[in-house]
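One structure below.
The values are calculated or read from the model by the stated rules, or taken from the named source; none is laboratory data. This structure is a prediction, so every number in the text was calculated from the model and none was measured. Cβ placement follows ideal geometry from the backbone for every residue including glycine, while neighbour counts extend to all protein chains displayed.
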Amino acid sequence: MSKINLNDVTFHYETTLPPVIEHQNLAFDDGTFNLLTGPSGTGKSTLLKLIVGLYPAFMGEATGTITVNDQPVVDLPASKRAQVVAMMFQNPSQQFAMETPRNELIFTLENLQVPADLMDARVNDALTFAGVTDFADRKFTSLSGGEQQKVSLAVIVALNAEVILLDEPFANIDPDARLFLLTQLTTLVKKYHKTIIVADHDLSDYEPLIDQLYIFDGERHQVHQADAGEAQTRFAAFEQRQHQPAPIALPAAELSPEFTLDSFTVSHQTPLIHDASLNIPQGKFVVLTGANGTGKSTLFDALVKLQTYTGSLQWQGQEISKLRARKYAQHVALVFQQAASQFLTITVAEEIALSLKYQQTAAWTQNRINATLASLDLSGRDDQVVYSLSEGQKKKLQVLLMLIMDVPTLLLDEPLTGLDLVSAHTILKLLRHAVTEEHHTVLMITHQLTDVSQYADYHLHLNNHQLSYEARL
Amino acid sequence: MNPTILLCLVFFVGVEISFTSVIWANVVIITISVLVMLWHRAPLLSYVRLLLVPLIPAVGIWFSIRYFSTAQSVHFAWVMATRIYAYAFLGGLFTFSTTTEKTLASLEQNAHIPTTFVYGMLGAFNFVPKIRSEVKIIRASAQMRGIDLHFWSPQLLFKSIVAALNWSENLAEAMTSHGFTENAPRTHRTVIRIPWWNYVVTVISIVGLQAILFSPLK
């Protein structure tokens, strides 16, 4: 029996834009674990937000009907709807209104008009199931991404919703938390007969757990259910695409260091890097890897004075915490993980003009910029608002803007996310050029390792609170 | 005391001393406020702040009235100076007697303020630390592009507004998906009552204030 039905659903963010979802018919069965996959930016989140009724209430225009238990979702008031369909969002920090997990659960149950005398038991059960009891009264701002997603699961359990939607729920969390959440989700399906839809582009660990695989086809703006054969092909292709490490050199001891860590310790909500001592060489291309939530971005924040630390962290022999931010920013700059953080004006042309105005050398001329824009497939977008670019386009523009600045040392936090392989190669080539020809230092965090070893000099790995150079990448 | 009752009382007292000119009343209000703050173990720094922040306006108004007004009344100069301190300490009294959460919960349950307003405020308070860290990131990112943003820079304002709009959208979605409907009935885990002695304290305070304000001894 189907639990969720989509009947000829079409959705636009704006009527002038092409539809994200077009004439979609789809059914999800009761008590099943479903995985929705497809390239990033195709509309997986949009589909989930439609099913949970946030769209078109908050954004966009929709036609067609979506029913859960044969009832149109849009007709249910929020307090009823939340008990039928609940959702876990991609960004864990943006899904809570209260200050602590316990208060968020109480807020939720009050909204559902649960009688006060039943509330505590329900709160405690949910906290226990999701493994939240130990930090139920800590503030959200002090919780890690993994802990916040556990709280999100606790809320869903407290809601006792029949359908649970998860939108890339593991993007910001560590592997242990991911495994725990997957186990608890499976319990919800098997033992409590819940229906689950997870949107994820990373297929690892799902194959034995799921009942159905759904694939979002970005070209046709439609989702289809994969049959057994197609599902198997998909999983096999994913396995095959998993990166095969290639050998890479280890840095020689005599290289002059750009950064020196000595008994460096940093924590952000949880302890991350502990007592690390090593050098990061000057004029080289170093790749930094490590599982989600281990502290790679926090290390970058410490390197650009956005995060306090203990021990010593030096840039060219000077303690970073003692450097003047404004001066230091002319030597070491960060390409932020959130591309939008880098933008200061409105259109593509304005952003480029701004970088040109403040560039440190004349290495980037208008001609060179135009040629690079063409190679990044960004030509002809001069007047487009930067915030309306796709995530991949934002990333490419962001890297280019920082390259034009011609800062001697560039830190890049996941610059390849959401890029197709051709664009990724173009970006890597640009970075390699900056290192080889312009003697810049590049330190790059990435999950996307395909072919990266062709461009990088060294591989730095963060695991178990420790940093070390690896001989393979 | 119940935050709603206390808020009404503080507001009433504040309004009444605006229309009367009895130095004594202001001094008594300041003294009671300090006693309440001592009772709630307010940190020493908060007294210092309450004394220093109104200092310039208090001194300023004292000199203006004493030397530059038409009447040049010493009495009225002191009334105005102590009144400014009375306002400041009434604020201190309220702040240390309750918390933001308790006040909003009481306004929701006792004063029946619309829940949209109450939870909107609560959400906004919880966003303050996030806004701070976002502004830090915006400024750092601008520095890396060669621009120094100050708190009056339009670009900083623009970027902060973009971030705030994004958050408000997320907050609204988060609340809706956790079952919140604007102004729909809700149950309350902690029911906030108004104890009988609150009314007694309120009546005594108001009567006491009238006695000081209108006594022939002043």
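The set of residues from region A:373-392 being at pLDDT below 90, farther than 14 Å from A:Ala349 by Cα and either touching a Pro at 6+ places or on another chain (Cβ under 7 Å) or buried (at least 19 other Cβ atoms within 10 Å of the Cβ) (or both) comprises just one member, A:Gly392. State which residue is surrounded by the most Cβ atoms within 10 Å (Cβ to Cβ) when the search covers only region B:126-138 and only residues that are of a type in the set (Val, Ile, Thr) and at the interface with chain A (Cβ under 10 Å from one of its Cβ atoms). Filtering first and then ranking leaves B:Ile138. Of everything listed in (1) without any contact (Cβ under 8 Å) to a residue 24 or more places away in the chain; (2) within 19 Å of A:Gln95 (Cα to Cα); (3) among the aromatic types (Phe, Trp, Tyr), the single unmet condition for A:Tyr192 is (2). Of all the criteria given as (1) free of Cβ contacts under 8 Å to residues at least 12 places away in the same chain; (2) within 14 Å of A:Lys284 (Cα to Cα), the one not satisfied by A:Asn370 is (2).
The lone criterion from (1) touching a Leu at 6+ places or on another chain (Cβ under 6 Å); (2) farther than 26 Å from B:Ile192 by Cα left unmet by A:Ser79 is number (2). Within region A:276-319, the residues that satisfy the criterion of being under 28 Å from the mean Cα position of the chain (by Cα), within 19 Å of A:Ser256 (Cβ to Cβ) and not in a strand (DSSP E or B) are A:Lys284, A:Leu303. For B:Gly120, the stated conditions do not hold, so it cannot be described as within 12 Å of chain A (Cβ to nearest Cβ) and either in contact with a Pro (Cβ under 6 Å, 6 or more places away or on another chain) or outside any helix (DSSP H, G or I) (or both). Can you find a residue in region A:212-225 that is in contact with a strand residue (DSSP E or B) (Cβ under 9 Å, 6 or more places away or on another chain) and small (Gly, Ala, Ser)? No, there is no match, as no residue in region A:212-225 is in contact with a strand residue (DSSP E or B) (Cβ under 9 Å, 6 or more places away or on another chain) and small (Gly, Ala, Ser). In region A:259-270, of all residues being among the polar types (S, T, N, Q) and assigned to a strand (DSSP E or B), the one that is surrounded by the fewest Cβ atoms within 10 Å (Cβ to Cβ) corresponds to A:Ser263.
Among the conditions (1) in contact with a strand residue (DSSP E or B) (Cβ under 8 Å, 6 or more places away or on another chain); (2) more than 7 Å from chain A (Cβ to nearest Cβ), the only one that B:Ser141 does not satisfy is (2). Which of the residues that make up region B:92-106 are farther than 17 Å from A:Asn103 by Cα and either surrounded by fewer than 15 Cβ atoms within 10 Å (Cβ to Cβ) or not assigned by TED's automatic domain parsing to the domain that holds B:Val15 (or both)? Once the filter is applied, which keeps residues that are farther than 17 Å from A:Asn103 by Cα and either surrounded by fewer than 15 Cβ atoms within 10 Å (Cβ to Cβ) or not assigned by TED's automatic domain parsing to the domain that holds B:Val15 (or both), region B:92-106 yields nothing.
Those helices (runs of 4 or more DSSP H) of region A:15-127 in which at least 2 residues are touching a His at 6+ places or on another chain (Cβ under 7 Å), modelled with pLDDT of 90 or more and assigned by TED's automatic domain parsing to the domain that holds A:Val189, considering only elements entirely within it, cover A:101-111. Applying the condition of being more than 18 Å from A:Tyr309 (Cα to Cα), surrounded by fewer than 17 Cβ atoms within 10 Å (Cβ to Cβ) and in contact (Cβ under 8 Å) with a residue 12 or more places away in the chain to region A:322-336 and asking which residue is farthest from the other protein chains (Cβ to nearest Cβ) yields A:His331. Taking region A:352-369, which residues are more than 9 Å from chain B (Cβ to nearest Cβ) and not aromatic (Phe, Trp, Tyr)? Scanning region A:352-369 gives A:Ile352, A:Ala353, A:Leu356, A:Thr361, A:Ala362, A:Ala363, A:Thr365, A:Gln366, A:Asn367, A:Arg368, A:Ile369. Scanning region A:206-265 for residues that are in contact with a His (Cβ under 6 Å, 6 or more places away or on another chain) and of a type outside the set (A, V, I, L, M) returns a single hit, A:Thr265.
From the list B:Pro195, B:Pro185, the one residue that fits, being surrounded by fewer than 19 Cβ atoms within 10 Å (Cβ to Cβ), farther than 30 Å from A:Glu350 by Cβ, within 8 Å of chain A (Cβ to nearest Cβ) and not basic (Lys, Arg), is B:Pro185. Do we find a residue being surrounded by fewer than 20 Cβ atoms within 10 Å (Cβ to Cβ) and closer than 19 Å to A:Ala199 by Cβ anywhere in region A:128-138? No - not one qualifying residue is present in region A:128-138. All of B:Ser160, B:Ser177 fail the test of being surrounded by 11 or more Cβ atoms within 10 Å (Cβ to Cβ) and more than 9 Å from chain A (Cβ to nearest Cβ), apart from B:Ser160.
Restricting region A:128-146 to residues that are assigned to a loop (DSSP other than H, G, I, E, B) and under 26 Å from the mean Cα position of the chain (by Cα) leaves a set whose member that is farthest from the other protein chains (Cβ to nearest Cβ) is A:Gly131. Restricting region A:51-98 to residues that are within 24 Å of A:Asp200 (Cα to Cα) and touching a Phe, Trp or Tyr at 6+ places or on another chain (Cβ under 6 Å) leaves a set whose member that is farthest from the other protein chains (Cβ to nearest Cβ) is A:Ala62.
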